[in-house]
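The values are calculated or read from the model by the stated rules, or taken from the named source; none is laboratory data. Predicted, not measured: the structure shown is a model, and the values here were computed from it. Glycine gets a Cβ as well: all are built from the backbone with ideal geometry, and neighbour counts include every protein chain shown. These accessible areas exclude ligands, DNA and RNA; they are computed on the full protein's heavy atoms, side chains included. Shrake-Rupley method; radii C 1.70, N 1.55, O 1.52, S 1.80 Å.
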Amino acid sequence: MEVIIKETYEAMSRAAAHEVARLLNTKPNAVLGMATGSTPLGLYQELVRLHREEGLDFSQVTTFNLDEYVGLQPDHPQSYHYFMHENFFKHVNVPQQNIYIPSGNTSNYRAFCGWYEQRIEECGGIDLQILGIGSDGHVAFNEPGSSLTSRTRLKTLAKQTIDDNARFFDKAEDVPIYAITMGVGTILEARELILLANGDNKAWAVGAAIEGPVTGMVTASALQMHPYAKVYLDSPSATQLKMRDYYDWIEEHRPGAPQSL
Ligand code: PGA
């Protein structure tokens, strides 16, 4: 796992966006795994800027989102369909037919989840998956206790997640209790992972995910099992890392480091 700590949220977002751009420049028809929440907003803004100002092209890209709330219509302002459209898709040129977001309104969740997994496979698998982390250490909606081999499925949200996400809704009771989410096993099959975290409210989860034991109680810790996982952090989210000096040392020496490719 590579840990990249930037001073600010903006610098962290730019660095992560350039990682996505690097992939698209070498593989224009890449399959991207997309995340929602407040964390990746800066990354999406930078990708939109790169599209507008530097011609970063998404015309051959396919995307799969991690998760969606159950029971919200796609045009509900807090649905992840709406989020993705407003914050990313309406500003770039991903073809509509290449955009996949789990349905929060299907009549048969088991069948839908199977179909979603199958579509990922038929599209050649996810090249690069963008991830956030919950304050309880979850990735996507894989709450503490999730199986590390889990697949896309219906999941009951933890109280902590509902409390965290209540800030986006008028009242906590409006936060859906269920979500459909890619599993940890699904996520680990992506060829590259980039996890972003910012803010001191994520410091515990970041420490547990990067330096704690691999455990279903902190599903982001499963990234330790992945061969190409990068974690982009701002400074406040990195305060509980015991190896902080080592991560900074690596960054400092990166310009002169031997190239592995
Ligand atoms: P946030 O959510 O980006 O809004 O903090 C992250 C998550 O719960 O995965």
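Take region 147-170 and flag every residue that is within 9 Å of the ligand (Cβ to nearest atom) and among the hydroxyl-bearing types (Ser, Thr, Tyr). The answer is Thr161, and nothing else. Among the residues of region 203-224, the ones that are among the hydrophobic types (A, V, I, L, M, F, W, C), surrounded by fewer than 18 Cβ atoms within 10 Å (Cβ to Cβ) and assigned to a helix (DSSP H, G or I) come to 1 in all.
Taking the criterion of being in a helix (DSSP H, G or I) and open to solvent by 70 Å² or more (accessible area, probe 1.4 Å), the residues of region 225-255 that qualify are Met225, Asp245, Tyr246, Trp249, Glu252, His253, Arg254, Pro255. Among the residues of region 163-202, those that are at pLDDT 95 or above, part of a helix (DSSP H, G or I) and within 17 Å of Phe141 (Cβ to Cβ) comprise Val184, Gly185, Thr186, Ile187, Leu188, Lys202. Kindly provide the set of residues from region 163-187 that are in contact with a Leu (Cβ under 8 Å, 6 or more places away or on another chain) and among the hydrophobic types (A, V, I, L, M, F, W, C), ordered by number. Within region 163-187, Val175, Ile177, Ala179, Ile180, Met182, Val184, Ile187 meet the criteria.
Quick grid of which residues meet (1) within 20 Å of Leu233 (Cβ to Cβ); (2) acidic (Asp, Glu):
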{"residue": "Arg22", "(1), (2)": "yes, no"}
{"residue": "Val31", "(1), (2)": "no, no"}
{"residue": "Leu41", "(1), (2)": "yes, no"}
{"residue": "Leu47", "(1), (2)": "yes, no"}
{"residue": "Glu54", "(1), (2)": "no, yes"}
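The helices (runs of 4 or more DSSP H) located wholly in region 1-108 include none with 3 or more residues which are open to solvent by less than 10 Å² (accessible area, probe 1.4 Å), away from the ligand (no atom under 16 Å from the Cβ) and without any contact (Cβ under 8 Å) to a residue 24 or more places away in the chain. Look at (1) without any contact (Cβ under 8 Å) to a residue 24 or more places away in the chain; (2) away from the ligand (no atom under 16 Å from the Cβ); (3) under 29 Å from His18 (Cβ atoms); (4) of a type outside the set (Gly, Ala, Ser) and you find that Glu173 fails only one, number (3). Annotation: of all residues in region 131-146 being more than 9 Å from the ligand (Cβ to nearest atom) and assigned to a loop (DSSP other than H, G, I, E, B), the one that is nearest to the chain's Cα centre (by Cα) is Gly137.
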